[in-house]
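What follows is a short report on a single structure.
Quick note: the coordinates plus some simple rules give every number you see, no bench work behind them. Every value quoted in this text rests on a predicted model; they were computed, and no experiment measured them. A quick note on method: Cβ atoms are made from the backbone with ideal geometry, for glycine too, and the neighbour counts reach across all protein chains shown.
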Amino acid sequence: MSDTSRTREEILVLAKTAGLDLPAEYFDELVDAYGHLQTMISRLPRNRARSDEPAHVFHATTFLPQEG
Amino acid sequence: MAPSGLHFITLAEAAKLIAAKKLSPVELTETYLTRIADYDPLLNSFVTVTADRAREQARAAEAEITAAGPRSKLHGIPYCLKDIFDTAGIRTTAHSKLLAENVPARDSACGEKLTASGAVLLGKNATWEFAHGGPSWDILFPPARNPWNTDHTPAGSSSGSAAAVAAGFAPATMGSDTGGSIRGPAAANGVAGLKPTYGLVSRRGVIPNCFSHDHAGPLAWTCEDLALLLDVVAGYDPAGPGSANVPLPDYAAALTGEVKGLVIGVPWRWLEEDLPLKPATRAAFDAALAVYKALGAEIREVSLPRIRAYEDSKRVIAMVELFSIHAEDLRKRPHLFGASLRYRIIAGGLIRAEDYMLAMRARTDLARAMQNVMSGIDVLMLPTAEPAAKLEPVHPSSLFLKSSFTTAFNVGGNPALSICSGYAEDGLPFSLQIVGKLFDDAHVLRVGDAYEKATPWRERRPALVLPAPA
């Protein structure tokens, strides 16, 4: 099921903000895909504790000088 | 009757014969090049065949081995690479019009290691466009086909890689897996494919799909062959994104055959509610578990978060990262994308940063939940996929709507292996997925190897039939 709560006009504004100036047929693809995406996003858990860390935090050890 | 022909030799068998100087790398390479030339038009599993280079490498390997013996188990062994692995001086197209003229200056990290081991590059394999859009008929090359039935898909995105191994075009190849792209094709083509632990194999020089979920890994006919490949390609790479600095076992030596006392967890809720199995696939899975019970393993039910929770997190993260990788091309030349890839990434530019963070925070919870379950068992087992479907256009939204048994282990980062577990009535392979604890790839391969040696499935190969001359 696709989330169709955003209008085409709203999606057009979002696309332009993203630098996408699409011909009509590609814009139709975007509207369709966006609906599915919003459905997935709506299912993500919300109301997180402030301290809930995302999985991609910075690891300083990655940037230590390499030996040799 | 087991299929015959030098082209069906396993990597392990070839390595022993080459070391004993009973098999010439030149003869072996020529065998594959001839077979590819004769039969690959049926499968489209290669997009570039590096015949001259392969012959030159094979001659050099033979001379070196004759003089001083092999320098590694892969010395003189032919292999191929999914066409997203950079190859110096050889086009690397990601199967896309966007990279039709792309010739990298440097090999991928895996390519460097395989060359240093003395292996012989046969060529580059077909893939879905940028390992994400497919099957596609509107991109640089046609899609690959399944050698067990060429009307069926080899799955993706490492489609050509898996098809080539099954068809006897090469004993080994490297693929990539972001949501199932090694394991799905391995399942569809009846070969062994390993998505290693995240970071175990360097992704340097592999064109990215999604930084947070990409894995590079081997495909071959058997788990023993995978172990020999992993012995070469695994290891810390300071220049490799996300590369893990961990001690490495001898993966081939770890194949002891011992699985007595193994504790296998099965996520039955996934198989009965989230993505119910078809009866024949369930029967094949039950039969595989029975083999392990007979070998002394114990089966337990385990409970994981729902498949959809893993997929929602992964897909939102992936779309943002994919959009970031392709943003300039989407803005300036969207017409050069295949329709499937363009559809699957274009909305990523509209995702709010807050929603990306929600997906990343969900990933933390989901990955922890998986490791908590794994702490109480040795391995998780479930089918990889249903047998291969027909090769036909599918709406690109299928990547958002269809569930799979594979994505969750990209989210968790765990090693996940797909092996053949039999054949359906129509001859298409069944598959078994074995998932291990983080960095316990050796154990996963041992468990898979024990099953292969206890069953007859490795004795069957697809029969390729050339059309009659007009």
field: Among (1) surrounded by 12 or more Cβ atoms within 10 Å (Cβ to Cβ); (2) within 16 Å of the chain's Cα centre (by Cα); (3) at the interface with chain B (Cβ under 10 Å from one of its Cβ atoms); (4) of a type outside the set (Gly, Ala, Ser) - the single one residue A:26 does not satisfy
entry: (2)
message: Residues that are farther than 30 Å from residue A:6 by Cα and either in contact with a Cys (Cβ under 8 Å, 6 or more places away or on another chain) or within 14 Å of chain A (Cβ to nearest Cβ) (or both): does the stretch B:343-357 have at least one?
response: no
- prompt: For the stretch B:292-317, how many residues meet the condition of being buried (at least 18 other Cβ atoms within 10 Å of the Cβ), of a type outside the set (Gly, Ala, Ser) and in a helix (DSSP H, G or I)?
  reply: 9
field: Long-range neighbours under 8 Å by Cβ, at least six apart or interchain, first residue within 14 Å of chain A (Cβ to nearest Cβ) within the stretch B:227-244, second in a loop (DSSP other than H, G, I, E, B) and of a type in the set (Phe, Trp, Tyr)
entry: B:241/B:211; B:242/B:198; B:242/B:211; B:243/B:236; B:244/B:198; B:244/B:236; B:244/B:439
- line: The residue from B:163, B:187 that alone is closer than 19 Å to residue B:215 by Cβ, assigned to a helix (DSSP H, G or I) and out of contact with any Phe, Trp or Tyr (no Cβ under 6 Å at 6 or more places or on another chain) is B:187
field: Selection within the stretch B:199-248 - assigned to a loop (DSSP other than H, G, I, E, B), in contact with a Lys or Arg (Cβ under 9 Å, 6 or more places away or on another chain) and small (Gly, Ala, Ser)
entry: B:202, B:205, B:212, B:235, B:239, B:240, B:242, B:243
task: Read through the list (1) in contact with a Pro (Cβ under 6 Å, 6 or more places away or on another chain); (2) assigned to a helix (DSSP H, G or I); (3) not small (Gly, Ala, Ser), then give the number of the only condition that residue B:320 fails.
output: (1)
- prompt: If the Cβ limit is 8 Å and pairs must be 6+ apart or interchain, which residue in the stretch B:316-339 that is within 11 Å of chain A (Cβ to nearest Cβ) pairs with which residue that is surrounded by 15 or more Cβ atoms within 10 Å (Cβ to Cβ) and aromatic (Phe, Trp, Tyr)?
  reply: B:316/B:356; B:317/B:356; B:320/B:356; B:321/B:211; B:330/B:323; B:330/B:337; B:334/A:26
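Kindly evaluate residue B:400 against the criterion of being facing chain A (nearest Cβ under 7 Å), assigned to a helix (DSSP H, G or I) and in contact (Cβ under 8 Å) with a residue 12 or more places away in the chain. Give the steps one after another, and end with the answer.
On the way: facing chain A (nearest Cβ under 7 Å): yes; assigned to a helix (DSSP H, G or I): yes; in contact (Cβ under 8 Å) with a residue 12 or more places away in the chain: yes.
Yes: the conditions hold for residue B:400.
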message: Every residue in the stretch B:354-393 that is part of a strand (DSSP E or B) and either more than 25 Å from the chain's Cα centre (by Cα) or surrounded by fewer than 20 Cβ atoms within 10 Å (Cβ to Cβ) (or both), please.
response: B:390
- prompt: Within the stretch B:18-56, restricting attention to residues that are of a type in the set (Val, Ile, Thr) and free of Cβ contacts under 8 Å to residues at least 40 places away in the same chain, which residue is surrounded by the fewest Cβ atoms within 10 Å (Cβ to Cβ)?
  reply: B:34
